[in-house]
1. Does C:ARG140 satisfy being at pLDDT 90 or above, charged (D, E, K, R), more than 24 Å from C:GLY275 (Cα to Cα) and crowded, with 17+ Cβ neighbours inside 10 Å?
2. If you check A:LEU262 against the conditions, is it over 22 Å from the mean Cα position of the chain (by Cα) and either at pLDDT 90 or above or assigned to a loop (DSSP other than H, G, I, E, B) (or both)?
3. Could you check, for the range C:174-186, whether at least one of its residues is over 24 Å from B:ASN240 (Cβ atoms), in a helix (DSSP H, G or I), within 11 Å of chain B (Cβ to nearest Cβ) and under 28 Å from the mean Cα position of the chain (by Cα)?
4. Going by the conditions given, is C:ILE310 in contact (Cβ under 8 Å) with a residue 12 or more places away in the chain, more than 14 Å from chain B (Cβ to nearest Cβ) and of a type outside the set (Lys, Arg)?
5. Need the failing condition index for A:SER139 against (1) over 26 Å from the mean Cα position of the chain (by Cα); (2) of a type in the set (Gly, Ala, Ser); (3) not in a helix (DSSP H, G or I), just the number.
6. Take the conditions part of a helix (DSSP H, G or I), within 27 Å of the chain's Cα centre (by Cα), buried (at least 19 other Cβ atoms within 10 Å of the Cβ) and away from chain C (no Cβ under 14 Å) and apply them to B:ILE249. Does it pass?
7. Within the range A:95-136, how many residues are at the interface with another protein chain (Cβ under 8 Å from one of its Cβ atoms) and within 20 Å of the chain's Cα centre (by Cα)?
8. Being part of a helix (DSSP H, G or I), over 29 Å from B:ALA28 (Cβ atoms) and over 18 Å from the mean Cα position of the chain (by Cα) narrows it down to one of B:LEU92, B:LEU117, B:LEU88, so name that one.
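The values are calculated or read from the model by the stated rules, or taken from the named source; none is laboratory data. Fair warning: this is a prediction, and the values are worked out from it, not measured in the lab. All Cβ positions, glycine included, derive from the backbone under ideal geometry; neighbour counts span all protein chains shown.
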Amino acid sequence: MDNNIYLQDVTISFTTKAGTVHAVNHVDLNVNSGEITGMIGETGSGKSVLGMSVLRLLAANSLISGSIIYKNSDLLQLAEKELNQIRGKVISFIPQNPDAAFDPTMKIGKQIIEGFLYHDKKSKAAGISHGIGQLQNYSFHEPQKTFNSYPFQLSGGMRQRALCAMGTVLSPKWIIADEPTKGLDAIIRQQVSQVFLELKKTANSSILLITHDLRLAQKICDTVIVLYAGTVLEQGPAGKLFDEPLHPYTCGLIDAQPHRKLLPLSGMPPSLINLPAGCKFHLRCSCRKDICCLKEPALLEVNGQWVRCWKYA
Amino acid sequence: MCNIKQLPVIYKIAACILMLMVSSAIFAPIIAPYDPNQVLPDETLQSCSGAHLLGTDALGRDVFSRILYGARVSISFAVAAALCTMILGVTLGMISGYFGGIIDTIIQLLVNIFQGLPGMSMMIAIAGVMGPSTISLLFAVTLTSWAGFSRIVRGEVLKIREENYIEGVRSLGASDFYILVHYILPNIFNSLIILFTVRIGTIVLSIASLSFLGLGMQPPEADWGAMINDAKIYFRSYPNLLLAPGLCILALCASINLIGDALRDLFSIEQDRNKQYL
Amino acid sequence: MNDILFYLVKKLLMIIPVLLGITIAAFILGIISPSDPAAVLLNMDGVSTPSAQEIANKRHEMGLDRPLIVQYLSWLLQILHGDLGISYITQRPIWDELMLRLPVTISLASCTLLLVIVTAIPLGVFMAYKNNSRSDFVLRTAALIFTSVPAFWLAILFMWIFSEELHLLPTSGYGTLAHLIMPSVALGAGTIGILMRLQRAALLEVLEQHFILTAKAKGMPFPMIIWKHGLLNSLIPVITLLGNYFGAIISGSAVIESIFSLPGLGSYVLEAIRGRDYPAIQGYVIFTGLVFVLFNLLVDISYLLLNPKIRLGGK
């Protein structure tokens, strides 16, 4: 039995006043264990939603179909109680936005070891020393002091690192990190990416990294998945995908980076309420053909990469 | 803004109750079978019957007619008082928020002072000192409840004042008064309507309390609060005397509160989404 | 530590204008009252129909011919010495009379407040936990009825049911806790309704916050998340408004005291109104205002305990 996470035909929609939002559409994915898998895409591409759906953390107005298989059980079918044994302990989720992810009325340390105390039924003293050690691992200079601080007393970078410390407190097999470098300056971003590399090496954790920071993905990921309007457009080994992107959208994303051509993608992401027919990207695509507007291409293997584009069909 | 037709049934029921009460208040002289103050010495303390739908009180007055006229008194007074409160509160709130500076400081100090006074106590004291009359009641209610209005209005004005288009209108030479009336007022209109509606409910309750204490509407004026006070002695044998006016106050206030919720829904005021009753 | 001190000093300074406002309001009540204190005092001294000259002399003696601002300041000075004047009716110092009745109102108000807190907050939490379920709907209906029912009517209904029919509770009087049960429930009903709704809304709002998601991701069961992260955070906005509701309880107690014949401040002021005892009405305004202000100060202090951001001087 492997530790991979298999997503099969996962479709997620949200019922809102404006209409049904189709956030994720028929995603089939194998996320391999032992690797850092990067999930990239613009805002609204469904990457966060997909990451959260693995632990069923989505809001009550969401509707998920398909299955997410981990160790022969479908996480979407598990009872809440069984799922709680996996959440945090086996698969942990590091939420985005460290400013809002901490309870403002509880000390950081207490929040960090909360899951540890709950799952491992250890004594409080053991929890505290574990928590302080954990903070030390994340290069806090005064772990004791940080442990007893309230979230508003820390800087943004410190909160982000504390969030990572919280997500890894139980040494989980899997870590799903949602935008862990958003809003951080270059030095802290460097630190955080170091942390993930180390987690992979020392704790042997598998990581699903949700990010729009392409440089981070290029630097630390083994595999990269490109998401657009809730659909996988391209998937492949990080090195290959960044050197020879196949899908026009991936090319566009890469060219849009400041250190490349700084060439923004034209157009806007499509409305998720009225999804375009055919290829989801055809409205913004420079290589559009007639068929692109009519029929959605299948995900095809091209030179060890997977791509969903009529160019390669 | 969502459609009236899509509103939950409960709001429609509330609207029907409210409409029924308002129309019976308006048409009380036509509907009422008796003069509310007509004393029938031979028919005192009757229970419900065909002749007297809700019986008669200790003086032989027809309870149903008094209830109808009571609705007239309660609703018209509450609306008038809520209007006065709103006008005073909105004026001071808009001035305070729009002009800022020393005017704002003074008005805010007043708001703090008035909110630091327990409202009902002040109402009792004012009505007590000035002697019970409609004018003193109106004065008491307005004086004790304008502060809440002005606080909310000021907050809204502060928000809108910073908008670019207000700056634009001003640079076109519009006077402050023009901007307040034509741009700021329409913007806060929705919130005002809701506040106004809910305030009517609160005032109905306060006035009923004051009347119950003998400080509100004066006899022989038919008033629900005063009717409950009259019923205090007889309610064991004649529960209709106590239940009829009490249930009327309850139904009126509950439907007003529900209408307030419905308006929040209609105007899509998101921050109050969780505060709805039903 | 300095932050706490700063916060407290700021709150203390802020109540000074409010206290002054209360005294000004009470003073104005005295001015607009239709009676002339000089004439009343002369009456008390046995001069039944004083001449204009006698009244003028008395007025001068009492300082009533001085400018209003001077009158106010000297009156304020008297109050600061615990002198609210002499009651027209009993001819006893009003301060002493009010002090005699204050414990009754305070005990009724605290009993009511306690009842409100221990019922409304758990019910509100339960409603949020069971959001949109059948029990939530039933409790929301109950909250609507509580807020819309007139307290005095409820009080009479309680008397009818629990005293006259079931003989469970005493109808009136003061002394034991049993005497306070019905008055507290009747007085608190409206506030319970409002607070239930408020607590529910506050908790629902907190449950939408990001950190609840974080807690969920830790694998803790939902009730535990509400207990550890939801409750305290939702109490912060609720506690802020508790001060306002205490005002409603203090002032609503007048009606309830008169129904249950509780010898508190409320029944005192009603007697005073009936007897046109204006200085006593002024005293009542000052006392209830003072109690309200002090309670709000207490709320501010408890806020300090609940909210670490204020305690530790965060932005």
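1. Working: at pLDDT 90 or above: yes; charged (D, E, K, R): yes; more than 24 Å from C:GLY275 (Cα to Cα): yes; crowded, with 17+ Cβ neighbours inside 10 Å: yes.
In short, yes.
2. On the way: over 22 Å from the mean Cα position of the chain (by Cα): yes; either at pLDDT 90 or above or assigned to a loop (DSSP other than H, G, I, E, B) (or both): yes.
Criteria met by A:LEU262.
3. Checked against the condition, which is being over 24 Å from B:ASN240 (Cβ atoms), in a helix (DSSP H, G or I), within 11 Å of chain B (Cβ to nearest Cβ) and under 28 Å from the mean Cα position of the chain (by Cα), the range C:174-186 yields no hits at all.
4. On the way: in contact (Cβ under 8 Å) with a residue 12 or more places away in the chain: yes; more than 14 Å from chain B (Cβ to nearest Cβ): yes; of a type outside the set (Lys, Arg): yes.
When the stated conditions are applied, C:ILE310 passes them.
5. That leaves (1) as the condition not met.
6. No, not satisfied.
7. Here the count works out to 5.
8. On the way: B:LEU117 fails: part of a helix (DSSP H, G or I); B:LEU88 fails: over 18 Å from the mean Cα position of the chain (by Cα).
The unique qualifying residue is B:LEU92.
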